[in-house]
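This report refers to the structure that appears directly beneath it.
The values are calculated or read from the model by the stated rules, or taken from the named source; none is laboratory data. Predicted, not measured: the structure shown is a model, and the values here were computed from it. Don't worry about glycine lacking a Cβ; one is built from the backbone with ideal geometry, like all the others, and counts go over all protein chains shown.
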Amino acid sequence: MFIGGIVQAGLLLVARIWLGQAVFVHQIMAMMRATEFSEAPSVGSTLIRSVAPLLLASGLATRPVALLLLFGVGRDLSEAHLAGPHALLLVWLLIGGAGSLSLDFLLRGGLARVPVWAVRSISRLYAASDALGELVLPLGTRVILAIAIAAGTGFAMWPVPLTGELVTAPWWTLLLCWALLLGLGTRPVALILCAIGPQSSFPPIPPINSNSLCSSC
């Protein structure tokens, strides 16, 4: 349990940094796509998307930041919304919090003793959300991953060498999905799925066009 807690805290820290980087890159790309001043993101959007990565990396006000990003606050209607693994990670942070390697975790004990009703109510709400997350998040994650792999939505389809044709996963991969769904040998099964899976199941971040950089100079 102790080692598992350390590993989970480290993974959440890495995931928060990765998510903050994704938010920052999306904002930079939106600013670079603007050819005129009227098409540039608003000041509020730029401020929110610039501060959010720092808060996510440090683990400060993680749940409010995750909630704002999930609802698309600070995002113009023309911008691409965070989806897929980004959205799943935001839901995890919203329910389960940032983990023990965060400023929220350090400040939490002091907030529970603040003689202000609103602050104590928020602290109790966080505690209830943590208790719910311990049950719902691991189960929900296993269900989503098992269904995604079994359904062939990118996880269970392998590209054929040279041709690039996508083929569905073999039958024994579906057995691994059932094991993952039921929580049977979860760590070894997850390790095997990571080893046999494709190199990247998530869409890559689009490269920055050097021509646009030169034109904006």
Notebook entry, point to check: Can you find a residue in region 81-94 that is surrounded by 16 or more Cβ atoms within 10 Å (Cβ to Cβ), out of contact with any Asp or Glu (no Cβ under 6 Å at 6 or more places or on another chain) and not in a helix (DSSP H, G or I)?
Noted result: yes
Margin query: I'm trying to understand the selection: among the residues of region 117-143, which are within 19 Å of the chain's Cα centre (by Cα) and modelled with pLDDT under 85?
Written below: none
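The rows are residues; the columns are (1) under 29 Å from R63 (Cβ atoms); (2) at pLDDT 70 or above.
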{"residue": "A146", "(1), (2)": "yes, yes"}
{"residue": "A150", "(1), (2)": "no, yes"}
{"residue": "T153", "(1), (2)": "yes, no"}
{"residue": "L166", "(1), (2)": "no, no"}
{"residue": "G185", "(1), (2)": "no, yes"}
{"residue": "L193", "(1), (2)": "no, yes"}
{"residue": "I196", "(1), (2)": "no, yes"}
{"residue": "S201", "(1), (2)": "yes, no"}
Item checked: Those residues of region 99-113 which are at pLDDT below 80 and assigned to a loop (DSSP other than H, G, I, E, B), in sequence order -> A112, R113
Margin query: Of the conditions (1) part of a helix (DSSP H, G or I); (2) modelled with pLDDT under 75; (3) over 30 Å from E134 (Cβ atoms), G4 satisfies every one except a single condition; which number is it?
Written below: (3)
Notebook entry, point to check: Residues in region 91-98: is at least one at pLDDT 75 or above and farther than 27 Å from L145 by Cα?
Noted result: no
